[in-house]
Amino acid sequence: MRWAVAWGVLAGLGAGTAQAREPESAKDSGEPGYCAFVRGVGDAESAVLLAPDVFASVGLVNAGEAGGDASGVPLGSPTPRLTAGVNYDVVGLYRGLAIRRRAEAECERYRALSALQAAVKRGADVGADAALAARAQVLEAALPQAEQLLSSLREDVKEGRATLEELNVLQLRLDGLRALAHETAKERERLATLPRPPERPVSTWLEDFRAADARVEAESGGLRRASAWTVRLRGGYDELINVPQDVPLFGSLTVSYNLGSLWQPSANARASEGRRRSLEEDVEGVSQDVARLLRELRATHASEEARLREVTVLVSDLEGQLRELQAMETVKVRRYRDYLMLELARLRSEQAWLKTHVAEVARFLGEERP
């Protein structure tokens, strides 16, 4: 009966930590390796803090009726003693959960840092993927028509209805479009080898990075503060063999506080401020790299917006000229029309590039236009 009561008490003392001891559910297999690392380390470190200590001891103690005298013989007689129980530090629960929260913050910091580093590696190529795709689409539609125009002009040259000089001019224009298409394909292949740029504006990733880094420091500061406290619960089974006891159980609560913690708040505040400043002062840090990239992209965005307005005016003008020339059927007019069509194809490809690139850079900067 005594053993049943004792083990019931032990189970009750440990039940409060059962949920905390449960490991986190398995993350999806697509999580970054660094996140798996910091979460695993956090779970390993917190496991021994969230769970209680189980202890047991066996020995001999002086107990029983007094049998000593003035000569200094110990009172009582050697009696076997069995002690077993649970020892739990309540502050360990806070520290264990704080370690897991810090691991999550480190994971979020890594995700944001990876996105920022990918953007920095892209550099001036930010937004170029979509812009090149838009240019390629225009060229793919224009080249077959340009090939037909050149083939028709060759027939006219054979029959004496066009000059060789006219054929050479159109050939040069077509070669320019082909070279542009080839360069576009080559650039798309090169960009495919680079890290994917972040989908969200870089400013939000930078905010996430700074916020996650601040959370890492906040949790670390909390762990430093918690180290000054001890709130220990201790209880279990304690029986002296062959000595009458009503209920062979014991329990105690111990609270201790290290006075050095009185000086911790100001030190933690200095550490937090120093960590924040170090992110901005590090000349090789991601904050500096992102700041330089943003300055370059804002300058590029402004110049390309101006060029886009110019090209849009040129495209509208050439489209108007072509509409006027369609009503004329002379040979000279057709030659000029063919020339304009190839020039219009080149300008439309440039317009598609500029329009898409300006929009992508604006999205990357977090400055989308309505």
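The values are calculated or read from the model by the stated rules, or taken from the named source; none is laboratory data. This structure is a prediction, so every number in the text was calculated from the model and none was measured. Reconstructed Cβ throughout: ideal geometry from the backbone, glycine too, with neighbour counts over all protein chains shown.
Some points to look at:
- Condition check for GLU147: under 39 Å from the mean Cα position of the chain (by Cα) and not small (Gly, Ala, Ser): no
- Residue list for the range 91-102, filter: in contact with an Asp or Glu (Cβ under 8 Å, 6 or more places away or on another chain) and either aliphatic (A, V, I, L, M) or under 26 Å from TRP353 (Cβ atoms) (or both): ALA98, ILE99
- Qualifying residue in the range 255-274 (condition: closer than 30 Å to LEU82 by Cα, touching a residue at least 40 places away in the same chain (Cβ under 8 Å), surrounded by 15 or more Cβ atoms within 10 Å (Cβ to Cβ) and of a type in the set (S, T, N, Q)): no
- Residue in the range 152-162 that is in contact (Cβ under 8 Å) with a residue 12 or more places away in the chain, in a helix (DSSP H, G or I) and of a type in the set (A, V, I, L, M, F, W, C) present: yes
- Applying the condition of being among the charged types (D, E, K, R) and in a strand (DSSP E or B) to the range 206-251 and asking which residue is nearest to THR83 (Cα to Cα) yields ASP238.
- Which numbered condition ALA134 fails, given (1) in a helix (DSSP H, G or I); (2) within 37 Å of the chain's Cα centre (by Cα); (3) free of Cβ contacts under 8 Å to residues at least 12 places away in the same chain: (3)
To keep it simple, each residue is scored yes or no on (1) within 31 Å of the chain's Cα centre (by Cα); (2) of a type in the set (Lys, Arg); (3) modelled with pLDDT of 90 or more.
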residue	(1), (2), (3)
GLU199	yes, no, no
LEU206	yes, no, no
PHE209	yes, no, yes
GLY221	yes, no, yes
ARG232	no, yes, yes
ILE241	no, no, no
ASP246	no, no, no
TYR257	no, no, yes
TRP263	no, no, yes
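- Taken over the range 79-121, the criterion of being over 22 Å from GLY236 (Cα atoms), modelled with pLDDT under 90 and either β-branched (Val, Ile, Thr) or not in a helix (DSSP H, G or I) (or both) is satisfied by VAL120 alone.
- Within the range 298-326, residues that are among the polar types (S, T, N, Q) reach partners that are assigned to a helix (DSSP H, G or I) and at pLDDT 90 or above with beta carbons closer than 7 Å, at six or more positions or on different chains, in the pairs THR312/GLN351.
- Single match in ARG173, ARG135 (criterion: basic (Lys, Arg), surrounded by 13 or more Cβ atoms within 10 Å (Cβ to Cβ) and in contact with a Ser or Thr (Cβ under 6 Å, 6 or more places away or on another chain)): ARG135
- Set VAL283, VAL290: member being among the aliphatic types (A, V, I, L, M), modelled with pLDDT under 90 and assigned to a loop (DSSP other than H, G, I, E, B): VAL283
- Taken together, GLN245, GLN288 contain a single residue that is among the polar types (S, T, N, Q) and surrounded by 14 or more Cβ atoms within 10 Å (Cβ to Cβ), which is GLN288.
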